[in-house]
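What follows is one structure encoded as structure tokens, with my remarks underneath.
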Amino acid sequence: MKERDIIIRPLLTEKSYADIATKKYVFIVDKKANKTEIKLAIEKLFGVKVDSVNTANCRGKLKRMGRNEGYTPSYKKAIVQLKADSKSIEFFDSLA
């Protein structure tokens, strides 16, 4: 699997904005990717040193519109902690 296939997009929420100052970033990743693949993909794409990776499988929520109901898509998120001596990810610098 290629690096660009593993990392789908960043997850930008109030909680993830607060963690940017401590070099902790949140990404939506491929459901089949493991922690080692995620770590290598982040290091290669952004040129940083990753300290740890935590993952969570998020199930889709039940949503209703009138009498019709369905589920939002399920996804996997990765919380990536960079090493203290590593540079930050430039994409997030303008957000913090």
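The values are calculated or read from the model by the stated rules, or taken from the named source; none is laboratory data. Just so it is clear, the structure is predicted and the values come from calculations on it, not from any experiment. Note that we place each Cβ from the backbone using ideal geometry, even for glycine, and neighbour counts take in every protein chain shown.
A few points about this structure:
- Any hit, the range 32-51, residues being modelled with pLDDT of 95 or more and part of a strand (DSSP E or B): yes
- Matching entry among Val53, Val29, Val48 (being within 13 Å of Ile89 (Cβ to Cβ), in contact with a strand residue (DSSP E or B) (Cβ under 7 Å, 6 or more places away or on another chain) and of a type in the set (Val, Ile, Thr)): Val48
- The range 43-59 - residue that is under 13 Å from Lys77 (Cα atoms) and hydrophobic (A, V, I, L, M, F, W, C) and, of those, surrounded by the fewest Cβ atoms within 10 Å (Cβ to Cβ): Ala56
- Residues located in the range 13-30, provided they are on the phi < 0 side of the Ramachandran plot, surrounded by 12 or more Cβ atoms within 10 Å (Cβ to Cβ) and not aromatic (Phe, Trp, Tyr): Ser16, Asp19, Ile20, Lys24, Val26, Ile28, Val29, Asp30
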